[in-house]
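Undergrad: Once you've had a glance at the structure underneath, I'll fire off some questions.
The values are calculated or read from the model by the stated rules, or taken from the named source; none is laboratory data. The model shown is predicted, which means the values in this text are computed figures rather than measured ones. We place every Cβ from the backbone using ideal geometry, glycine too, and count neighbours over all the protein chains shown. Accessible surface is based on the protein model in full, side chains and every heavy atom, while ligands, DNA and RNA are left aside. Shrake-Rupley method; radii C 1.70, N 1.55, O 1.52, S 1.80 Å.
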Amino acid sequence: MAATTATTPRPTKRSIPWTVLPFAAILVALLLIAILAPLVAPMDPNTQNLLARLKAPGFQARGMTYFLGSDELGRDVLSRLIYGARVSLLVAFASVTLSGIFGTVVGMIAAFYRGWTETLIMRLVDIVLSVPAILLAIITVAVLGPSFANVVIVLSMTRWPRYARVAYGQTLSVANMPYVRLSRFMGAGWLRLLSRHILPNIAGALIVVATLEFGLMVLFEAGLSFLGLGVQPPTASWGAMLATGRNYVATAWWIATFPGLALFLLVLSINLIGDHIRDRLDPRGR
Amino acid sequence: MSHPLLSVDELRVTIGGQPVVDGISFDIAQGEILSLVGESGCGKSMTAFSVMGLLPRAARLSGGRVMLDGTELSALTETELQALRGNELAMIFQEPVASLNPLMKIGRQIEESLIVHRGLEGREARRAAIDMLAEVGIPEPEIRAGQYPFELSGGMCQRAMIAMALICRPRLLIADEPTTALDVTIQAQILDLMKKLRDETGTAILLITHDMGVVAEMADRVAVMYAGRVIETAPVDALFARQEHPYTRLLLKTIPRLDGEPKETLPVIEGLVPDIGQWPEGCRFSPRCPLANDACRKAVPPLASRRDIGSTACWHAEQVGAI
Ligand SMILES: Nc1ncnc2c1ncn2[C@@H]1O[C@H](COP(=O)(O)OP(=O)(O)OP(=O)(O)O)[C@@H](O)[C@H]1O
Ligand code: SF4
Ligand SMILES: [Mg+2]
């Protein structure tokens, strides 16, 4: 009982609450699986076996077990799910990062400089938000051709205004806070004001947007793949799996169910962790 | 040849074309505490912001000069001004808690000026910040430096703000109603601290206040403002002994004296402060002045020298004692 000698139990400030912990574990597991896909996938995700088409979970052939069943071309659903995690996570991560950074910078600049800069940026935001994302996607892919990189470009191009709007509104209110005023009076330049005083104070709101967007990006990628504008077959993505599985829901439920479940878990985990990070950014909440 | 540390000459500020500061002049000597008093809206803060070269977006500097130790500030570029702010010139405000970044530790916020102006970082800066916290009377400065603003009281936050302002040893500190948000005991402590720091470091202070009690306690000299102008200026003792402007007279008359009554903030004088752009012809105080006559309503009284110790802008200065 040596531990009880401490008079004041030090609060475990950095620990993650038990409500969030399992979801953090799921996210870490998904990330690891995505990174280590070639090592953990039991089969090649693109190898077809026309004799093992639409087999239920647990089906065995040639000494291999299809733990989550096989799809319409006889490919292993589990292996495709594992490789698909790569695509889904990478597309979502890359587009959230790109659009998040761009939108935040642009929104902060609009609010900080005001005047014609503000008008120009915020009108552009309105315009981009009013163009249907799918239309923009079709045009872009028509011009650039469908590929992984182009999916990220399309998603970033359509989604940055979300961050810009939030960054803009938040910066407007935070820039009027006495502490920002004080640091101007202490001789801080614009870069220091924006990066040290404004950004940390608007980060919470942006993280909430980013986590919601992350889930949306996974779904958008699925939508683009469904339309044939996303990652091209035979590359596995959860979206594409859902899209094809949709045709077989009545006869082979496992093709769409498992990617759907994975998607659900991923989005849920991200959102819960996002909430937690936002709370942690506020020192009062620690 | 000696010149004042700060010299403000015929300063003019407009908001939407309307003057809010209308030709203000005053000097502050090295180590002096000048108190700028006047009713709400008379342009005290705008005057302070002009000295710092940081007016709100809506306001414009439309005339006059601000000289700091012989350098004309209005001729400097924004970068040159930035190098002065927080370094030679510093300013503190009324809202001590809201003036500190809620997500930054106190110590880090005090170090900022050292990083910006001295290129000092790391252990050295941390040491200096902790020393500064001790200097402004914060107990356990090592612990406080590692805390966030919400963990400190209002008085502590005001001390921390003073520490931020003074860490680079500015020559002029502008304090815009620094104690208004604090309760009376803490107010007295903060004022004592400012006076003590002035005595030790020779920092001149431009103290903006509503409170004649604060003026009596702190100031070496007083400049009384009314509707965008300085209407009377004098050393504090001379001003409290004898006022030559009816407005100052009425301000001081309504203050309870030395009888232990709680200090009152700016007392109520009959009539309303005129809105900007609604200033009357002639003397701006004439609608509320008991001595006003036609001469007052016709021509603006100039700020005229008064027995070599101050100046007054009133046509009937010699009759003021009768009010
Ligand atoms: N951002 C602004 N936009 C428009 N008018 C303003 C703005 N800030 C101040 N004013 C006006 O400018 C005038 C001078 O304001 P200033 O803040 O200098 O007064 P003050 O003497 O500091 O008053 P207080 O004692 O209330 O702080 C006031 O009439 C005020 O209404
Ligand atoms: S000039 Fe006239 S109106 Fe103005 S303060 Fe003096 S006596 Fe009053
Ligand atoms: Mg003010």
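Undergrad: Under 5 Å between amide hydrogens, which residues at least 5 positions from B:Met225 or on another chain qualify, with H placed 1.01 Å from N in the peptide plane?
TA: Under 5 Å from the amide H of B:Met225 lie the amide H atoms of B:Val37, B:Gly38, B:Ile231, each far enough along the sequence or on another chain.
Undergrad: How far, in degrees from 0 to 90, does helix B:184-201 lean away from the longest principal axis of the Cα atoms of chain B, to the nearest 10?
TA: Tilt of helix B:184-201: around 80 degrees.
Undergrad: Further, regarding this structure: For every other residue with a beta carbon closer than 14 angstrom to the beta carbon of B:Pro235, add +1 if it is Lys or Arg and -1 if Asp or Glu, then tell me the sum.
TA: On the way: positive: B:Arg221, B:Arg242, B:Arg306, B:Arg307; negative: B:Asp27, B:Glu32, B:Asp220, B:Glu232, B:Asp237, B:Glu244, B:Asp308.
Net of charged neighbours comes to -3.
Undergrad: I would also like to ask the following. Which of these, A:Ala252, A:Ala25, A:Ala205, has the largest mean-square fluctuation under a Gaussian network model of chain A (Cα springs below 10 Å)?
TA: Of A:Ala252, A:Ala25, A:Ala205, the Gaussian network model singles out A:Ala25 as fluctuating most.
Undergrad: Take peptide B:93-103, look around each residue's Cβ out to 10 angstrom, count Cβ atoms belonging to other protein chains, and average those counts. Write down the numbers at each step before the final one.
TA: Details: counts 5, 1, 5, 2, 2, 5, 8, 4, 12, 7, 12.
What the average comes to for B:93-103 is 6.
Undergrad: Where in chain B lies the longest segment free of trypsin sites (Lys or Arg not before Pro) that are both loop residues by DSSP (not H, G, I, E, B) and have at most 13 other Cβ atoms within 10 Å?
TA: Details: sites that count: B:Arg57, B:Arg257, B:Arg307.
With trypsin sites (Lys or Arg not before Pro) excluded where exposed in loops, chain B gives B:58-256 as its longest stretch.
Undergrad: Which distance in Å, rounded to a whole number, links the C-alpha centroids of the stretch B:1-44 and the stretch B:197-257?
TA: 14
Undergrad: Could you work out what % of the accessible surface of the protein assembly as shown is carbon and sulfur, using a 1.4 angstrom probe and leaving DNA, RNA and ligands out of the count? Please list the in-between numbers first.
TA: Details: 17060 of 28220 Å².
Answer for the protein assembly as shown: carbon and sulfur cover 60 percent of the accessible area.
Undergrad: Taking chain A as the reference, fit the longest principal axis to its C-alpha atoms, fit the long axis of helix A:148-175 to the helix C-alpha atoms, and give the angle between the two in degrees, 0 to 90, nearest 10.
TA: Roughly 30 degrees between the two axes.
Undergrad: Add +1 for every Lys or Arg and -1 for every Asp or Glu among the other residues with Cβ under 10 Å from the Cβ of A:Ala175, and state the total. List each step's numbers first, then the result.
TA: Values: positive: A:Arg114, A:Arg181, A:Arg184; negative: none.
That sum, taken over residues with Cβ under 10 Å, equals +3.
Undergrad: Right, next: Note the angle between two axes, namely the Cα long axis of helix B:122-135 and the longest principal axis of the Cα atoms of chain B, as a number of degrees from 0 to 90, rounded to the nearest 10.
TA: The two axes meet at around 50 degrees.
Undergrad: Between the chain alone and the structure with every protein chain in place, find the residues of the stretch A:186-214 that drop at least 10 Å² of accessible area; heavy atoms, 1.4 Å probe.
TA: A:Met186, A:Gly187, A:Ala188, A:Gly189, A:Arg192, A:Arg196, A:His197, A:Pro200, A:Asn201
Undergrad: Give the separation of the Cα centroids, the stretch B:165-186 to the stretch A:169-228, in Å.
TA: After rounding, the separation between the Cα centres reads 32 Å.
Undergrad: Quote the relative contact order of chain A in percent (integer), defining contacts as alpha-carbon pairs under 8 Å separated by 6+ residues. Before the final figure, lay out the partial values.
TA: Working: 394 pairs, mean separation 62.9, N = 286.
Relative contact order comes out at 22 percent.
Undergrad: Do the sum for chain A: with -39,500 (n - 2.57) for every DSSP H run of n ≥ 4, divided by all residues, what is the mean residue ellipticity at 222 nm, to the nearest 500 deg cm²/dmol?
TA: -22000 deg cm²/dmol
Undergrad: Going by amide H atoms built from the backbone, whose H comes under 5 Å of the H on B:Gly64, apart from near neighbours?
TA: Amide H neighbours of B:Gly64, under 5 Å, 5+ apart: B:Arg12.
Undergrad: Still on this structure, I have one more. Based solely on its DSSP helices, what 222 nm [θ] is calculated for chain B when runs of n ≥ 4 H residues each add -39,500 (n - 2.57) and the sum is averaged over all residues, nearest 500 deg cm²/dmol?
TA: Working: 11 runs with 100 residues, N = 323.
Using -39500 (n - 2.57) per qualifying helix, the result is -9000 deg cm²/dmol.
Undergrad: Ballpark to the nearest 100 Å², how much total accessible area do B and A bury together, probe 1.4 Å?
TA: Numbers: alone 14950 and 15700 Å², together 28220 Å².
Protein heavy atoms only, the B-A interface buries about 2400 Å².
Undergrad: Pulled fully out, how much extra length does the chain show between A:Glu72 and A:Leu136, if you take 0.36 nm times their separation in residues and subtract their Cα-Cα distance?
TA: 19.9 nm
Undergrad: Per residue, what volume in Å³ does the Cα convex hull of chain A take up?
TA: Numbers: hull volume 51.9 nm³, N = 286.
Normalising the Cα hull of chain A by residue number yields 181 Å³.
Undergrad: So, for the stretch A:227-286, what is the accessible surface per residue at a probe of 1.4 Å, expressed in square angstrom? Don't skip to the answer; put the middle values down first.
TA: On the way: 2930 Å² over 60 residues.
In whole numbers, the stretch A:227-286 has 49 Å² accessible per residue.
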